[in-house]
1. If you find the alpha carbon centre of the range 190-232 and of the range 23-94, how far apart are they in angstrom?
2. Given an 8 Å cut-off on Cα distances and at least 6 residues of separation, report the relative contact order of the range 20-125 as a percent.
3. GNM on the chain, C-alpha springs below 10 Å: top fluctuator among Asn119, Asn147, Asn136?
4. In nm, what is the difference between 0.36 nm times the number of residues separating Trp167 and His267 and their Cα-Cα distance?
5. Roughly what % of DSSP beta bridges within the range 6-267 run antiparallel, to the nearest 5?
6. Given 0.36 nm per residue, what is the gain on full extension from Glu100 to Ala191 after removing their alpha carbon distance, in nm?
7. So, with +1 on the Cβ of K and R and -1 on the Cβ of D and E, and no other charges, what is the size of the charge dipole of the chain about its Cα centre, to the nearest 20 debye?
8. What net charge is computed for the residues neighbouring Val39, neighbours being all others with C-beta under 15 Å from the C-beta of Val39, Lys and Arg scored +1, Asp and Glu -1?
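What follows is calculated from the coordinates using simple rules that are stated; it is not laboratory data. Everything numeric in this text was worked out from a predicted model, so none of it was measured. Every residue, glycine among them, receives a Cβ derived from its backbone with ideal geometry; neighbour counts consider all protein chains shown.
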Amino acid sequence: MVIRMETYDLWQTPPCTTESCIPKIHYYPAEKKTHDGTVVIFPGGGYTHRAEHEGKGYAEFFQAHGMDAFVVDYRIWPDIYPASLLDARRAVRFVRYHAEKFGIDPHKVAVMGSSAGGNLIGLLCSTANPADAEQNDAIDQCDCMPNAQIHCYSYISMAEEGLRIDWCSEKLFSPEKMALCETLSPETHIADNAPPAFIFHTFADECVNVIHCLRYAEALRKKKIPIPCELHIFPEGQHGMGLGIRQDRGNPHAAQWSGLLWNWLIHIGF
């Protein structure tokens, strides 16, 4: 199968940037579209890089299932907060603004993040979002809150020192801004209008403790979000496993999470 992909700039002039990266969004149209929902994907990589198998790899999965997908090249180190979050907000708005062009329903926009990308979509679905440094053009008039959130072994809890992953937080914030870890931790600032969530993790993950996903699921339950979350924890599977089919990090049992995700998207109307 020939993989189709189109690339667009997210901003005319990116705000808050060191010019280390020009944020882009890559559109992966389904070969035979059967669904009008879409998924906007934020790869992991500790805010130092963006893992291709957690971006392009996921997009091709949705393409093959008849659903369009987008992969975002959000800003990473040496750009720091709020650059990546501004890109995430812009990406959701960009897709909604161009929904008719892409043939998607603007009310069926899910976001998906792995590891640090999961941290980013957690920030996106929180109340602690910055409102400055945005362009206030027609795109920025669209709502940036997604309709669903998909977490793959997400790095969530930044408030507790025992759970905080310093190498990741240090690439998100400058040393002077590290105190923001406590004030912005996603599980403590879930928005009232936060969307339902699909969460998957493994007990064997030695990089991001499985407690991160449990904390987030519990926070969603306490917030009483309608259809708060579907949570799957597998016994085995390395951090960064993606779809679980890579030779170096494959795990046939945990790899079933993608099928469960697809069933969940259909269940919530995507």
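1. First find each Cα centre; the distance between them is then 20 Å.
2. Once normalised by length, the contact order is 37 percent.
3. Of Asn119, Asn147, Asn136, the most mobile in the Gaussian network model is Asn136.
4. 32.3 nm
5. Approximately 30 percent, going by the DSSP bridge assignments.
6. The span from Glu100 to Ala191 would gain 30.0 nm if fully extended.
7. Approximately 540 debye in magnitude.
8. -1
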